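Got a structure for you, questions after.
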Amino acid sequence: MLVIYHKKKENEDFMKKREFAELFMVKANLRSKEEAKRQVELFIETMKEALTQDDILIFRGLGTFERRETKRKEGRNPRTGEAIKISPKKYIKFKVGKDLEDRINKPVKKGRK
């Protein structure tokens, strides 16, 4: 099993899409960064289309993406105090799968000193 760790830059707590594509290139044995970027873009675009058409997208071992909708509700304008109606909005909820959750919460083994 090939294990590659993403080296974070100082003060950076996330991986950018470009960096993910580079990691994907190595894992998938692709010949170029451009090909990896196209593959990642294609995957993301396919996910967007699927979530636009369907309510649930399930990846066993990763998790579930579910399209949900907030309820219509009343709120208040903070400046005037006037009651306003807030329209329902759609959003995507991600629920982590058990396999990924177990990997994230796996105890870290300390090396010898």
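What does the charge add up to near Lys17, with Lys and Arg as +1, Asp and Glu as -1, over the other residues with Cβ less than 13 Å from its Cβ?
On the way: positive: Lys16, Arg18, Lys33, Lys37, Arg38; negative: Glu19, Glu22, Glu41, Glu45.
Within the 13 Å Cβ shell, the charges total +1.
For the chain, what class follows from the C-alpha gyration tensor (a ≥ b ≥ c being the square roots of its eigenvalues): rounded when a/c is under 1.5, otherwise prolate if a/b is larger than b/c, else oblate?
Cα axes put the chain in the prolate bin.
Taking the chain as the reference, fit the longest principal axis to its C-alpha atoms, fit the long axis of helix 33-53 to the helix C-alpha atoms, and give the angle between the two in degrees, 0 to 90, nearest 10.
30
Helix 17-27 sits at what angle to the longest principal axis of the chain, using alpha carbons and giving 0 to 90 degrees rounded to 10?
Its long axis makes an angle of about 40 degrees.
According to the square roots a ≥ b ≥ c of the eigenvalues of the Cα gyration tensor, what is the shape class of segment 47-113, taking rounded for a/c under 1.5, prolate for a/b larger than b/c otherwise, and oblate for the remainder?
On the way: a/c = 4.93, a/b = 1.84, b/c = 2.68.
Oblate is the answer for segment 47-113, as a/c is 1.5 or above yet b/c matches or exceeds a/b.
Among Lys33, Lys16, Lys90, determine the one that fluctuates most according to a GNM of the chain built with springs between C-alpha atoms less than 10 Å apart.
Lys16
Just so you know, all these numbers are worked out from the coordinates, no wet-lab data involved. Values in this document were obtained by computation on a predicted structure and should not be read as measured data. Here Cβ is always computed from backbone atoms with ideal geometry, including for glycine, and neighbour counts include all displayed protein chains.
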